[in-house]
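Asks: Got a structure for you, written out below as C-alpha cells; questions coming shortly.
The values are calculated or read from the model by the stated rules, or taken from the named source; none is laboratory data. Owing to the predicted nature of the structure, the values given are computational and were not obtained by experimental measurement. Using ideal geometry, Cβ is built from the backbone for each residue, glycine included, and neighbour counts are taken over all protein chains shown. Accessible surface areas use protein heavy atoms only, side chains included; no ligands, DNA or RNA. Shrake-Rupley method; radii C 1.70, N 1.55, O 1.52, S 1.80 Å.
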Amino acid sequence: VYVALSLPVDRNASRTKAVVVALDRATGRELWRFVTPGQRSTVDGAPAVAGRLLVLADPDSASVFTVDRFTGREAWRVMGDTRFVGPRASPVVSGDTAYV
C-alpha cells in the first residue's frame, strides 16, 4: 500500500515536504519512507503505479517525480515552470506514458 501526503515543517505550513510511504498490506508495517528535498514540496492526489515506479505530481515545485516502489528512492523528476503552480491532479499511466 502506498500513501502520499504533505507534511508541514513549520508552524504556519509555509514550508512543506512531500512524503511517500510504503506499507505492508498484510501488517501495516512501514517498509520505506521517501521525503522530498528542498524547502517547498507537496503532493496532490494518489500516486500512479507504473511498473516499478510510483508517479507523483508536486504542484508547489511545479514538477512530476517518480519513486522506485522497491527501494523508496527518487528515480527521476521533471521540473516545470516554477512561476506557476501545478500539476494539481493525480497522474494517470497508460502503457509507458504518464499523463499529468
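Asks: Could you please put Tyr2, Tyr99 in sequence from largest to smallest accessible area, using a 1.4 Å probe?
Replies: Reading off the accessible areas and sorting them downward yields Tyr99, Tyr2.
Asks: Distance from the Cα centre of the range 34-100 to that of the range 6-26, in angstrom?
Replies: With the range 34-100 and the range 6-26 each reduced to a Cα centre, they are spaced 14 Å.
Asks: Leaving out ligands, DNA and RNA, what percent of the accessible area of the chain is carbon and sulfur, probe 1.4 Å?
Replies: Ligands and nucleic acids excluded, carbon and sulfur reach 54 percent.
Asks: Follow-up question, since we're still on this one. Kindly list the residues of the range 39-63 that lie in the label zone of Asp10, defined by a backbone N under 12 Å from the point 7 Å along the Cα-to-C-beta vector.
Replies: Counting only backbone N, you get 39-40.
Asks: Let me ask you something else. I need the trypsin sites (Lys or Arg not before Pro) found in the range 9-100, filtered to DSSP loop residues with at most 10 other beta carbons within 10 Å of theirs.
Replies: Here the trypsin sites (Lys or Arg not before Pro) that fit, given the DSSP loop and packing criteria, are Arg11, Arg25, Arg29, Arg73, Arg83.
Asks: With a point put 7 Å past each Cα toward its Cβ, work out how far Phe70 is from Arg83 in nm, to one decimal.
Replies: Roughly 4.3 nm, to one decimal.
Asks: Still on this structure, please answer the following. How large is the dipole of the range 1-43 about the Cα centre if only Lys and Arg carry +1 and Asp and Glu carry -1, each at its Cβ, rounded to the nearest 20 debye?
Replies: The calculated dipole for the range 1-43 is roughly 120 debye.
Asks: Please tell me the relative contact order of the chain in percent, rounded to the nearest whole number, where contacts are Cα pairs under 8 Å and at least six residues apart.
Replies: With pairs under 8 Å counted, the relative contact order is 20 percent.
Asks: Need one value: the accessible area of Asp68 in square angstrom, 1.4 angstrom probe, rounded to the nearest 10.
Replies: Surface accessible to solvent at Asp68 totals approximately 20 Å².
Asks: How long are the three semi-axes of the equivalent ellipsoid of the range 59-98, in whole Å, if each is the root of 5 times an eigenvalue of the C-alpha gyration tensor, listed from largest down?
Replies: Working from the Cα gyration tensor, I get semi-axes of 20, 14, 8 Å.
Asks: Over all Cα pairs of the chain, how is the pair count split among 5 Å bins, expressed in % and running from 0 up to the last occupied bin?
Replies: Calculated over all Cα pairs of the chain, the distribution is 3, 14, 24, 25, 19, 10, 4, 1, 0 percent.
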